[in-house]
Amino acid sequence: MVGVLVGSRLFLVFWNPEIYLSHPLNLIKIWEGGMSFHGGFVGVVVACWFYCKRKKLPFWKIADVMSVPTIFALAFGRLANFINGELVGRVWEGKWCVVFPDYGSECRHPNMIYSFFQRMAVFGWLFFLTFWKEFKPGFIFWNFVFWEGLGRIMMDFFREDTLYLGFSLGQWFSLIMVIAALVMFGKFYKEDWKKILKKTSS
């Protein structure tokens, strides 16, 4: 919990530097809201790593176990975003567009619902991997990193956000997640992917 709170608040500096760099004490005002997924992710990974090192526990195995309930909880977090009318989508006059009164009278993409289903799909994949075969420790965790990163990049195209060279900050951070996962797959988990490809092709 400490890792999530500290990381998610610190990363807000990237989104609102004019607020948090000039008034850093605002970072501790958690009652005012605002949490960064990427910051919370980094925070919990770092905290878990230190805890495992201190207790002499297998970090990668614990990371695998935690990945499945984490993505499940994150999926329902998007439903909470929808209910609260936050992180709204881009203006769109489609059949299932939604009006969020706090953001005007325009109809918008319910991108939070899209993200809910995307994360549930990742949950299904990770859950399947957990009980399907024995993989090298860390494989499920890096699947979480890759598919959530890729999904976030896709889903954020429907979200109202400031863009930098065509991507939002969330998409740029998610791209780092995708690249890091691909590097780890290529370096340590080639045999695990061969297991999957061999099974699916047979």
The lone condition G89 fails out of (1) surrounded by fewer than 20 Cβ atoms within 10 Å (Cβ to Cβ); (2) touching a strand residue (DSSP E or B) at 6+ places or on another chain (Cβ under 7 Å) is (1)
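Just to be sure, is G138 touching a Phe, Trp or Tyr at 6+ places or on another chain (Cβ under 7 Å), of a type outside the set (A, V, I, L, M) and under 26 Å from V4 (Cα atoms)? Can you show your working first?
Numbers: touching a Phe, Trp or Tyr at 6+ places or on another chain (Cβ under 7 Å): yes; of a type outside the set (A, V, I, L, M): yes; under 26 Å from V4 (Cα atoms): yes.
Here the answer is yes, as G138 does meet what is asked.
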Listed by first then second residue, the pairs whose first member lies in region 117-128 and is over 16 Å from A80 (Cβ atoms), whose partner is among the acidic types (D, E) and in a helix (DSSP H, G or I), with beta carbons under 9 Å and at least 6 positions apart or on separate chains, are V122/E148; L126/D64
Filter result for the condition that a residue is under 22 Å from G77 (Cβ atoms) and not in a helix (DSSP H, G or I), over D161, D156
D161
Selection over region 100-119 where residues are over 26 Å from W147 (Cα atoms), of a type in the set (A, V, I, L, M, F, W, C) and either within 25 Å of the chain's Cα centre (by Cα) or at pLDDT below 95 (or both) yields a count of 1
Output the qualifying pairs, or none if there are none: Cβ atoms under 6 angstrom, residues six or more apart or on different chains, first residue in region 163-188 and more than 12 Å from W142 (Cα to Cα), second residue basic (K, R) and crowded, with 16+ Cβ neighbours inside 10 Å.
S174/R152
For region 122-166 the number of residues that are of a type in the set (S, T, N, Q), within 15 Å of P69 (Cβ to Cβ) and surrounded by fewer than 20 Cβ atoms within 10 Å (Cβ to Cβ) is 1
Which number in (1) part of a helix (DSSP H, G or I); (2) in contact (Cβ under 8 Å) with a residue 40 or more places away in the chain; (3) over 20 Å from I113 (Cβ atoms) marks the one condition that K136 misses?
(1)
Across region 152-167, what is the number of residues that are within 14 Å of R119 (Cβ to Cβ) and of a type in the set (D, E)?
1
Among (1) surrounded by fewer than 16 Cβ atoms within 10 Å (Cβ to Cβ); (2) at pLDDT 90 or above - the single one K199 does not satisfy
(2)
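Counting only residues that are surrounded by 12 or more Cβ atoms within 10 Å (Cβ to Cβ), modelled with pLDDT of 65 or more and in contact with a Leu (Cβ under 9 Å, 6 or more places away or on another chain), give me the helices (runs of 4 or more DSSP H) lying completely in region 2-69 with at least 2 of them.
Details: elements: 2-10, 12-15, 17-20, 37-55.
Counting at least 2 such residues, we get 2-10, 37-55.
The values are calculated or read from the model by the stated rules, or taken from the named source; none is laboratory data. All figures in this text were calculated on a predicted structure; none of them were measured in a lab. We place every Cβ from the backbone using ideal geometry, glycine too, and count neighbours over all the protein chains shown.
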